[in-house]
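What follows is a short report on a single structure.
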Amino acid sequence: MKTECAIPKFDFDVITLGHGSGGLLTHRLLQSGVFDILKNDWLDQQHDGASFSLTGNVAFSTDSYVVSPVFFPGGNIGDLAVNGTVNDLAMCGACAKYLSLAFILEEGLRMEEFGEILVSIKEAAAKANIHIVTGDTKVVEKGKGDKIFINTSGIGLIHSSANIHHNNIAPGDKIIISGKLATHGIAIMSLRKGLSFDTSVKSDTAALHFTVMKLLDQFGSDIKFLRDPTRGGLASVLNEVCGLTRLGYELNQADLPIDIQVEGACEMLGLDPLYIANEGLFVAIVKKETANNFLAELRKDENGFDASMIGEVTTDHPGKVILKSTIGGKRVVNYLPGEQLPRIC
C-alpha cells in the first residue's frame, strides 16, 4: 500500500504486553510512533483529554471497528475507522471537527503493520480535515484479540439547514442511494479463507461529509433522512426507518446500482447484496419535488457518480419494505435473521 507519509521505524518488531503497561515501553510506543505520526496542537499537550470550543448545534457519535482481515483491497482498519465515524456524523447533517482514537492491540502485532495503520489514519484524517485530539492504547494477550481493534468517537457541527429526522418522511418521498451496493463487503469476503476469488473489487470506504454538506447547502430540509448502510446493508436501514414511520417502502430491483463483478460474486457465494455492508455510501430520503435535482447534483460529486433513485415511500403495505423484481414480481425484504458477513467493519 502506497502512502504519502513514511511508515515510522520502531525500535522493536512486535507489540508485547509491556507496551500496555503504562511504563517505559508504552512511552516509547507513543513517542516514537503515535504522537509523531498524528502530531497536532491538541495531541502535543499529551493530556488525558482535549479542550476546545464549539459554537452551534453539535452532533456526537462513537463506533468500534473489528474488521477481519485488517488490511483489505482499498483500505485498512485505520482509514475505515476515521471514515466510518465521519460518516456517522454526516448522516446527522454534521461536518466532523474532532475525533478521539483508541487502540486495543494484540500481543504479537507486527510494528510495521501498526505503523501502516497509523499512516492510513493520518492521511484519512487529513483528507477529511478533522483533528484527532485524544485517545488511548491498550494491549491484550495473544489470542484475546485479532491484531488490532479501534474505537473512534467524533464531534461535529450540524449544518444550519439540516432537519434530518424520520418524522419528516412523507408518502411520495424518493429513496436515493449514492453509489454501487455491496462493494465493501465483497472486497472483505475476497480475502476470507476458503472464499477467495479473482476480482478487482475494492472497498468503497470514503469520508462523505463534504458531499453531504454541499447537498444540504442546496436542498436543506428537503433532505428528510440520511443513513450509511454499513452492517446489515440497505435492507436493514430501510427496515429500521420503516418500523419508525409505519409507512411502506418500495424498491425497484432494476434501479439498484451493483457492479457486475460484485453481482457475480454475490451469486457465487449465495449472498444478497441488499444485506451486505457498505462503507462509502449513504441512503437519502428526499422530498418528491426535489429528488431529481438532488440526484443530478449528487452525480456531479466524486462520491455520487453512480447514484440512483431506487424507490419511494408509500402508504401501501405500511411497516414493510417491498422489492419489485425485474420480472414483475414482488417480495418482502425483512431484517436479516442472522449474521451474513461477520467482522465486516
Would you list E289, E107, E279 from fewest to most Cβ contacts within 10 Å? E289, E107, E279
Dividing the mean separation of Cα pairs under 8 Å (6+ apart) by the residue count of the chain yields a relative contact order in percent of 22
Cα centroids of segment 235-277 and segment 105-137: how far apart, whole angstrom? 32
If you average 1/r over every pair of different alpha-carbon atoms in segment 233-305 and take one over that average, what Kirkwood value in Å do you get? 14.2
Given a cut-off of 18 Å, what percent of all Cα-Cα pairs of segment 65-109 lie beyond it? 38
Suppose every Lys and Arg Cβ carries +1 and every Asp and Glu Cβ carries -1, with no other charges. What dipole size does segment 166-332 come out with about its Cα centre, to the nearest 20 debye? 360
Bridge orientation stat for the chain from DSSP, antiparallel percent rounded to 5, came to 75
Per-residue Cβ contact counts at 10 Å, fewest first, order H159, H184, H47 as H47, H159, H184
Run the dipole for segment 269-345 about the Cα centre, Lys and Arg Cβ at +1, Asp and Glu Cβ at -1, nothing else charged, and hand back the magnitude in debye, nearest 20. 300
Please list the radius of gyration and Dmax for segment 17-158, considering alpha-carbon atoms only, with Å as the unit. 14.9, 45
Quick check: the distance between the Cα centres of segment 35-89 and segment 286-308, to the nearest angstrom? 28
log10 I(q)/I(0) for segment 257-345, Debye formula on C-alpha points only (no solvent), q = 0.25, 0.26 Å⁻¹, two decimals, reads -1.42, -1.41
Loop-resident sites, segment 258-345, for chymotrypsin sites (Phe, Trp or Tyr not before Pro), counting at most 16 other Cβ within 10 Å (DSSP): F305, Y335
Compare L251, L234, L30 in a GNM of the chain, Cα atoms joined below 10 Å, and give the one with the largest fluctuation. L30
Rounding to the nearest 10 and keeping the result within 0 to 90°, find how far the Cα-based axis of helix 111-128 lies from the longest principal axis of the chain. 50
Dipole moment magnitude, nearest 20 debye, the chain about Cα centre, only Lys, Arg, Asp, Glu C-beta charged: 500
Computed over the Cα atoms of the chain, the Rg and Dmax in Å are 20.9, 67
Once the principal axes of the Cα atoms of segment 61-142 are found, what is the range along each, listed largest first in whole angstroms? 40, 26, 19
Calculated diffusion of segment 166-332, Stokes-Einstein form, Kirkwood radius summed over Cα pairs, 10 °C and 1.306 mPa s, µm²/s: 98
Please name whichever of I169, G20, I188 sits farthest to the positive end of the charge dipole of the chain, dipole taken about the Cα centre and charges placed at Cβ: Lys and Arg +1, Asp and Glu -1. I169
Comparing L24, L89, L238 in a Gaussian network model of the chain (Cα, 10 Å), the one with the largest mean-square fluctuation is L24
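Read-outs throughout are calculated quantities, based only on the coordinates presented, and are distinct from any laboratory measurement. Quick caveat: nothing in here was measured; it's all calculated off a predicted structure. Note that each Cβ is placed from the backbone with ideal geometry, even for glycine, and that neighbours are counted across all protein chains shown.
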